[in-house]
Amino acid sequence: MGFATDCIHAGQEPDPSTGAIVTPIFQTSTYVQQGIGQHKGYEYARTQNPTRRALEKNLAALERGTDAYCYASGMAATNAVMSLIKPGQRVVVSDNVYGGTHRLFTKILAQYGVEFAFLDASDAGAFDKAAGEFAMLWIETPTNPLMKICDVAALAQAAHRRRALLVVDNTFMSPFFQRPLELGADIVVHSTTKFLNGHSDSVGGVAVVKDKGHAQWLQYYQNAAGAILSPFDSWLVLRGTKTLAVRMPRHEENGRRVATFLREHKKVKRVYWPGFTDHPGHDVHKLQSSGFGAMISFDLGAREAADRLLPALKLCSLGESLGGVETLISHPATMTHAGYTQPERDALGIGNGLVRISVGIEDSEDLVADLTRGLDAI
């Protein structure tokens, strides 16, 4: 089936009891059994839920995976994947990852004997020479918030030569633009909160796998640890994926318009968007993705400029998160990446004047007018 068809139909059949075209919200905690060991595949809602299972099948199809498992947040999905790593093993992480990922790895999991190394993975050859041995490579591409591009296929080869796993956080691109499993990755994670849901009304996460052994473990972990996605949140994400194929082109169209405007504005020092031909890694991104997305960062040079810009905006909403139909704007140094120390942010290039924008699907001329008003306040 084509991608848009899978968005609407994969994992979803009309309800057999009523014929309902939309998967129902099975808001139940348990299921009646006819006798000892006699049930219809459902026992307890932490273990199985029909609404959640429909979503998992849908997302597995969209990422071209074997199976998928949904969790209560993107970080819960990340934590579930990290349960594949044992104490004493080494995990290499592309630098400039989401602050929540960095915090989980360095402040929580490192206490349990897992070693983490953060390296620039944007040059696959140099990375391969410098990385040493590892059990897992965790990357984002583009990275959050500086939009570094990682060559998924080359890094998959580097990982597999070491008999290691490659995990890709594909939240920024969504499976509409990029499908890392087809490029050699072993596991893909998403914050379903973002583009997959698309409406800023649900928090969740998913891990999509190729290997059946990984699928069995993540299903076991999902039940054992219990950080499941609720039936209602599962239904909301299913509603979101139905329009993914029509939303993402509009996000990108608006992203291009906003990125071009920002680049041409005299008060903006630098714009980070992989769609520019001179963006580092543009050619690699173009080979492994079908588009450039709607995530943009731009540098105003100083915190004072950001402090004047952000309150002056009326349409672009200052807030955490991304990927909604509405345009969201944030200040990474004090929001998404506040968990990094100032020296760590300085080393990565996340300055106090850096602003990140998730471009929504409003009329682009209205977004440009709003940003013009904000920049005029600087």
Can you confirm whether residue 309 is over 23 Å from residue 100 (Cβ atoms), in contact (Cβ under 8 Å) with a residue 40 or more places away in the chain, buried (at least 22 other Cβ atoms within 10 Å of the Cβ) and not hydroxyl-bearing (Ser, Thr, Tyr)?
yes
Any chance residue 236 is of a type in the set (A, V, I, L, M, F, W, C) and without any contact (Cβ under 8 Å) to a residue 60 or more places away in the chain
yes
Would you pick out the residues in region 262-301 that are surrounded by fewer than 19 Cβ atoms within 10 Å (Cβ to Cβ) and part of a helix (DSSP H, G or I)?
263, 264, 282, 283, 286, 287
Considering region 303-320 alone, what residues qualify as being in contact with a Lys or Arg (Cβ under 8 Å, 6 or more places away or on another chain), in a loop (DSSP other than H, G, I, E, B) and closer than 20 Å to residue 259 by Cβ?
313
Of 168, 97, the only residue that is touching an Asp or Glu at 6+ places or on another chain (Cβ under 6 Å) and β-branched (Val, Ile, Thr) is 97
Output yes when any residue across region 356-375 is buried (at least 18 other Cβ atoms within 10 Å of the Cβ), in a helix (DSSP H, G or I) and touching a Ser or Thr at 6+ places or on another chain (Cβ under 9 Å), and no when none is.
yes
Number of positions in region 79-94 that are touching a helix residue (DSSP H, G or I) at 6+ places or on another chain (Cβ under 6 Å), of a type outside the set (A, V, I, L, M, F, W, C) and part of a helix (DSSP H, G or I):
0
Filter region 3-19 down to residues that are surrounded by fewer than 17 Cβ atoms within 10 Å (Cβ to Cβ) and at pLDDT below 95 and give me whichever is nearest to the chain's Cα centre (by Cα).
13
Does at least one position in region 243-261 carry a residue that is at pLDDT 95 or above, polar (S, T, N, Q), assigned to a loop (DSSP other than H, G, I, E, B) and touching a helix residue (DSSP H, G or I) at 6+ places or on another chain (Cβ under 8 Å)?
yes
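Tell me yes or no: at least one residue of region 36-49 is assigned to a helix (DSSP H, G or I) and either in the same structural domain as residue 323 (by TED's automatic domain parsing) or touching a residue at least 40 places away in the same chain (Cβ under 8 Å) (or both). Write out each step before concluding.
So in region 36-49, the residues assigned to a helix (DSSP H, G or I) come out as none.
So far as region 36-49 goes, no, none of its residues is assigned to a helix (DSSP H, G or I) and either in the same structural domain as residue 323 (by TED's automatic domain parsing) or touching a residue at least 40 places away in the same chain (Cβ under 8 Å) (or both).
The values are calculated or read from the model by the stated rules, or taken from the named source; none is laboratory data. From a predicted model like this one, the values you see are computed outputs, not experimental measurements. All Cβ positions, even for glycine, are placed from backbone atoms using ideal geometry, and neighbour counts span all protein chains on display.
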